[in-house]
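Beneath this line is the structure, given in C-alpha cells, with notes to follow.
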Amino acid sequence: MPHEHDSQQNITVDERLFDLYDSMIGDVEIPNVLRDVADVVCGELNAQRASIYLIDPETRELQAVAMVGNVARTIRIPICKSSLAGFCATTGRAFVVGDAYGDLSDIDPELRFDSSWDKVNDFRTRDVICAPAMFKGEVRGVVQAVNSKGKPFGNDDLPALKSISRLIGYALHHARLYDDLASMKQLEKEKAKFMRVMVHELKSPVSAAKMMTYALGEVLNEPDRAAEYTSRIAARMDQMTQMIGDMLELARVKAGDPLGDISVLDLAAETRAACQPYIEQAQTKGLALEIALGDEELSVRFDSQGYSMVVSNLLSNAIKYSSRGAVRVSLNSDGRWAILDVSDNGIGIPQADIPKLFTEFFRASNAKRDRIPGTGVGLAGAKYIVERFGGKFELQSRENEGSTFTVRLPLHNR
C-alpha cells in the first residue's frame, strides 16, 4: 500500500518490530495490517513510499491497495519475472534497484519497471528495494519501498527489510487465519441457506417428472398422449440437468478454482468466439444480433473459460428474454477499463427485483410469471468471477423495455 513517510518516534528497530507484530495480531483487518506495515517500512528505511503486495492464490496475482487522492485503487500485478514485485515473488529474492528506469538486466534480462503507477501519482521512482514476505518457506507477499529523492537504498538496507518481511509473512498468515475463522460462522449460515434453496429447486422438476411417469403408465395404449408425457418428462429432466450443471459451475467459481487458463486475453477475439454459438439462436427467434467490437486492442488478465461463461450467460439471457428487436454486444474502453455491454429489447426487470438479481436461485417476478425457464444461478456465478479479477457488474433495466448489462474489467498494461 503506497504510503507517505510520517515522522517516527525515537525507538529501536526491535521495539518497533515488536509493536508492529503486536498490532497486527490485535487488528486482523487485512487493510489495517497493510497500512501499519507500510508505516513501519517507510520509517525504518527512510523511504518515501512503501507497497505491501499480497499473493492472491485464486487469480495468481499480487494485489495491493493504494490511495490516489482520496480514492482507494487496487494494484494488480501478475506473478512473473517482468515486474519488480513479480520477480521478487517468483524468485523469492530480495534486491535493490538503483535506477528503476535504467538497465535492469544485471538482475534479470526479463525484468522491467512498470511506470504506469508513477504516471497516475505524478511521481518518478528513482530507487527501489524489494523483499519477499515468507511463512514456512512459502512466499505470502512482497514488500517494496521506493524513493524519488534523498538517500538511495543500498545493499546495507536489505537485512532490515528482510527482518521486517519475515515478520510480515508471519503476521499476514495469522491475520488471514483470524479472518477466516471470523467469517466461518457466516459462511456456514450461507451454506445452509444455499442447501435449503437448492433442494427446494431440485425437488420441483423431480416431483413433476415422477408424477408424469405415473400418468404415462395410464396412457401407454394412446400413442399421442404417451408421446406428450414423454416429451414433458424429458423437458423436466433437461431443466434439472441444466440446474445441476449451473450449480457445479457456481461451486467451482465460489471455491476459487479456475475454470480455464488464467492469462492475458485479447478481449475482442474472446468476445467474438463466445458470441458465435448464439448467432443462429437469435435468428431462429427473429432477433437481430449486433456485435460491435471496435478496432482497439483491449487486453485483460482473466480466466479464459470464465470470460466465455460471462459472455454466454449474458447473451443467452438477452436472447431468451427477448421476442422482438435486437440484442447488441459492444466492447470499448475508457482508458482504464475494458467495457462489455450486452443489451436487449426484452421483458426487462422490475425495479423491486434488481437488488436481488445476482442472488443464487433468484429469478425476476415477470420471468416466473411468464414461465420462462431458467435456474437463477448463472448471473451469480458470472458476478463472482468478474469481481474476483477486479471487475464490476452494472445493470440498467426497465420492465417491458429491455436491459443493459455492463461488465468492466481492468485493462492489462503490457
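The values are calculated or read from the model by the stated rules, or taken from the named source; none is laboratory data. It should be emphasised that the depicted structure is a prediction, and the values quoted were computed from it without experimental measurement. Reconstructed Cβ throughout: ideal geometry from the backbone, glycine too, with neighbour counts over all protein chains shown.
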Quiz item: Quick one: in the range 73-90, which of the residues that are closer than 18 Å to P57 by Cβ and not aliphatic (A, V, I, L, M) is farthest from the chain's Cα centre (by Cα)?
Solution: C88
Quiz item: Taking only pairs six or more apart or across chains, which ones have beta-carbon atoms under 9 Å, a first residue in the range 79-95 that is in the same structural domain as I55 (by TED's automatic domain parsing) and at pLDDT 90 or above, and a second residue that is of a type in the set (F, W, Y) and surrounded by fewer than 21 Cβ atoms within 10 Å (Cβ to Cβ)?
Solution: L84/F95; L84/F113; F87/F95; C88/F95
Quiz item: What number of residues within the range 378-414 are under 24 Å from D261 (Cβ atoms) and outside any strand (DSSP E or B)?
Solution: 18
Quiz prompt | Enumeration of residues in the range 111-136 that are in a loop (DSSP other than H, G, I, E, B) and more than 27 Å from the chain's Cα centre (by Cα) | solution = D122, F123, R124, T125, R126, K136
Exercise. State whether the residues of the range 392-400 include one that is farther than 28 Å from Q305 by Cα and free of Cβ contacts under 8 Å to residues at least 40 places away in the same chain.
Key: no
Quiz item: Going by the conditions given, is L248 closer than 30 Å to P205 by Cα, hydrophobic (A, V, I, L, M, F, W, C) and not assigned by TED's automatic domain parsing to the domain that holds E399?
Solution: yes
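Rundown of residues vs (1) at pLDDT below 95; (2) touching a strand residue (DSSP E or B) at 6+ places or on another chain (Cβ under 8 Å); (3) under 30 Å from D238 (Cβ atoms); (4) surrounded by fewer than 21 Cβ atoms within 10 Å (Cβ to Cβ), yes/no style:
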position: R336; (1), (2), (3), (4): yes, yes, no, yes
position: L379; (1), (2), (3), (4): yes, no, yes, no
position: F389; (1), (2), (3), (4): yes, yes, no, yes
position: R398; (1), (2), (3), (4): yes, no, no, yes
position: H412; (1), (2), (3), (4): yes, yes, no, yes
Quiz item: Within the range 349-393, which residues are touching a Ser or Thr at 6+ places or on another chain (Cβ under 7 Å) and under 23 Å from D56 (Cβ atoms)?
Solution: A380, R388, F389, G390
Self-check item: Only one of T271, T241 that is touching a residue at least 12 places away in the same chain (Cβ under 8 Å) and either surrounded by fewer than 13 Cβ atoms within 10 Å (Cβ to Cβ) or of a type outside the set (K, R) (or both)
Solution: T271
